[in-house]
Amino acid sequence: MPFHIQDVPSSTHEAVYRWENEALGVIGFIAVHSTVLGPAFGGARVWSYGSEAEALTDALRLSEGMSYKNALAELGAGGGKSVFWARRPFTDRDAVFACFGDVVESLSGRYITAEDVGTSVSDMQVVRARTRFVAGLPAAEGKAGGDPSPWTALGVMSALEAALAADGQTVQGLTVAVQGLGSVGRKLCALLSGAGAKLIVADCVVGRAEQVADEFGATVCGPGSALASPADILAPCALGGILNERTIPEIKARYIVGAANNQLASPADGHALAGRGITYVPDYVANAGGIINAMAEFRGDDDHAVEQDVRHIGARVEALLGQARQGGEPPFQVAQKRALDLIAGRAKRSALA
Ligand code: NAI
């Protein structure tokens, strides 16, 4: 598939590529934040960005988060991310992903892709026909692989339980507000409901929250009021940037643990949460389950070790919150410093788990 690729200068990222196929109406960015710890690994997002600049900004932020996530999960991978900016709805989706596969292949393994918001297992199967640098494909018998979202949900659940356990609590009888009921949010609701939590659920797609409410006896709230709902725990499972100066003063929950990437709009918002006494588990610590499974798949590992590795996120959260309390620093700051130290080779592995 023909494509035009060029470097985008960046002072923060190792490499940023802009690629385009004019006939397909697609422009994409692949942001490689760091390959110090291994190939840049992170999913491909299709989203209705308002502009090309917005798509690029998202790729930069998401790939940086992937560096931290992959470093802390000790995957032997760096951080990267792809985003697509569709000028119009794709008319030939398979051709778009075939072209994307060729772009990924042209980077010779510097970047490994997988699915993310707006992309699916079947998209990755199209990519796989053009490059081996992809994960999130259907699992072979006894091997890791497949849809990462159940693993992401399990990791978030483990993180949430660890955050509560640090205060001597369990989720039984507590209320959790889940914002976003897509692949991860819905599965998290199932886990929470199974553990005896009460649920408040919200989604911007009409009817989705009602469906989940029927299934789990949850209360529905409007997407605009999910963050301010009367919950003990908030689980953001939609999109990023939702913890900001406008929303934070309204949050009633004492814990925030969710799957959405880049929940904090800025570091100042992390401090604002800490100032309000809210325990915020950094998204890239809590939501690593999917990439843990994807890396196991990419390496060709058996599936039996994945569950244990994903549940280990709980131990990582316990250690992180312990260090944060001891040092009087917000957990997001401790986690970021640790990730940066790992990437810079200043820290030994496993000091946080
Ligand atoms: P998804 O696209 O399946 O679901 C997202 C859901 O959020 C959709 O139902 C959408 O309608 C809803 N939504 C969007 N904006 C909303 C709003 N303002 N209020 C309420 N609902 C809203 O995505 P998925 O896979 O469930 O991922 C959720 C989040 O977790 C994303 O931020 C993703 O990047 C992150 N994540 C997902 C992983 C995975 O394994 N799928 C792995 C790590 C992170």
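The values are calculated or read from the model by the stated rules, or taken from the named source; none is laboratory data. Note that the structure is a prediction, hence the values are computed from the model and not measured. Ideal geometry is used to build each Cβ from the backbone, glycine not excepted, and the neighbour counts take in all protein chains shown. Please note that ligands, DNA and RNA were not included when accessible areas were found on the heavy atoms of the full protein model with its side chains. Shrake-Rupley method; radii C 1.70, N 1.55, O 1.52, S 1.80 Å.
Couple of notes before you dig in:
- Listed by first and then second residue, the pairs with beta-carbon distance under 7 Å, at least 6 apart or on different chains, first residue in the stretch 196-215 and in the same structural domain as Leu181 (by TED's automatic domain parsing) and under 24 Å from Ala253 (Cα atoms), second open to solvent by 60 Å² or more (accessible area, probe 1.4 Å) and near the ligand (Cβ under 10 Å from one of its atoms), are Ala202/Pro223; Asp203/Pro223; Cys204/Pro223; Val212/Arg186.
- Scanning the stretch 175-192 for residues that are within 15 Å of Cys221 (Cα to Cα) and more than 8 Å from the ligand (Cβ to nearest atom) yields Thr175, Val176, Ala177, Val178, Cys189.
- Note on the stretch 306-328: residues that are open to solvent by less than 40 Å² (accessible area, probe 1.4 Å), more than 16 Å from the ligand (Cβ to nearest atom) and either closer than 28 Å to Arg128 by Cβ or of a type in the set (Val, Ile, Thr) (or both) amount to 0.
- Residue count for the stretch 216-231, restricted to those that are more than 10 Å from the ligand (Cβ to nearest atom) and in a loop (DSSP other than H, G, I, E, B): 6
- Test: Ala209 is part of a loop (DSSP other than H, G, I, E, B) and open to solvent by less than 50 Å² (accessible area, probe 1.4 Å): no
- Boolean, Gly240 is more than 30 Å from Gly136 (Cβ to Cβ), open to solvent by 30 Å² or more (accessible area, probe 1.4 Å) and assigned to a loop (DSSP other than H, G, I, E, B): no
- Residues in the stretch 69-117 that are within 15 Å of the ligand (Cβ to nearest atom) and open to solvent by 40 Å² or more (accessible area, probe 1.4 Å): 1 in all.
- Tabulated pairs, the stretch 125-146, first within 16 Å of Tyr111 (Cα to Cα), second in a loop (DSSP other than H, G, I, E, B) and of a type in the set (A, V, I, L, M), C-beta under 8 angstrom, 6+ apart or interchain: Arg128/Leu137; Arg130/Met1; Phe133/Leu107; Val134/Ala114; Ala135/Ala114; Gly136/Ala114
- Residue match in the stretch 232-254 (condition: touching a Ser or Thr at 6+ places or on another chain (Cβ under 8 Å), within 26 Å of Met66 (Cα to Cα), at pLDDT 95 or above and within 11 Å of the ligand (Cβ to nearest atom)): no
- Residue selected from the stretch 1-60 under the condition within 19 Å of Val104 (Cα to Cα) and hydroxyl-bearing (Ser, Thr, Tyr), by the criterion surrounded by the most Cβ atoms within 10 Å (Cβ to Cβ): Ser34
- Residue within the stretch 198-206 that is within 11 Å of the ligand (Cβ to nearest atom), closer than 28 Å to Arg299 by Cα, of a type outside the set (Lys, Arg) and open to solvent by less than 10 Å² (accessible area, probe 1.4 Å) present: no
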